[in-house]
Amino acid sequence: MTNRSTPNILLRAEGLALFISASALYASTSGNGWAFVLLLLTPDLAMVGYLVNPRVGSMTYNALHTMVLPLALFVVAWIAGWMTVVHIALIWLAHIGMDRMMGYGLKYATEFKDTHMQHV
């Protein structure tokens, strides 16, 4: 069941904008394309928390799928001139954008398929 509400469409558009922006900045700072491809799905390893239970799974998943941590990492790394860490933060942000664009949102503690964007 796909949610076609205006807020959902806007969240998907924001995801697309984040994915494009993070990917473009990654490319413009000479990020390695193979590293981008290989690391793009890494934040999804947070799903391992669901092996414990839905509450733990939602907490681990949400911790790696909100923009707060990768944005903070990006700012600190950019100021410090740590380009490898800047690239990791950009890949992480691109992943979050890609997920939102596809309709995958933050998880509720009820079950994996219950997200803030829709029931997938």
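Counting trypsin sites (Lys or Arg not before Pro) as exposed when in a DSSP loop with at most 16 other beta carbons within 10 Å, what is the longest stretch of the chain free of them? Let's see the in-between values first.
On the way: sites that count: Arg4, Lys113.
Value returned for the longest uninterrupted segment is 5-112.
Calculate the dipole size of the chain relative to its Cα centre from +1 charges on Lys and Arg beta carbons and -1 charges on Asp and Glu beta carbons; express the result in debye to the nearest 20. Can you show the working numbers first?
Numbers: 6 positive and 5 negative charges, 29 e Å.
The dipole of the chain has a size of about 140 debye.
Determine the gain in length on full extension of the stretch Ala63-Ile9; use 0.36 nm per residue of separation and subtract their C-alpha separation, reporting nm with one decimal.
On the way: separation 54, 0.36 × 54 = 19.44 nm, distance 2.33 nm.
The Ala63-Ile9 span can extend by a further 17.1 nm.
Per residue, how big is the convex hull around the C-alpha atoms of region 71-120? Give it to me in cubic angstrom, could you?
Output value, Cα hull per residue: 74 Å³.
222 nm [θ] for the chain, helices only, -39500 (n - 2.57) per DSSP H run of 4+, per residue, to 500? Present the calculation step by step, with values, prior to reporting the outcome.
Numbers: 5 runs with 73 residues, N = 120.
Calculated from helices alone, the mean residue ellipticity at 222 nm is -20000 deg cm²/dmol.
Which semi-axes, in whole Å and largest first, does the equivalent ellipsoid of the chain have when worked out from the alpha carbon gyration tensor as the square roots of 5 times its eigenvalues?
Its equivalent ellipsoid spans semi-axes of 26, 17, 11 Å.
Measure nothing but the geometry: give the 0 to 90° angle between the long axis through the Cα atoms of 6-28 and the longest principal axis through the Cα atoms of the chain, rounded to 10°.
20 degrees
Read the figures in this text as sums done on the coordinates, not as results from a lab. A quick note: this is a predicted structure, and the numbers were derived from the prediction, not measured. Neighbour counts run over all protein chains shown; Cβ positions are idealised from the backbone, glycine included.
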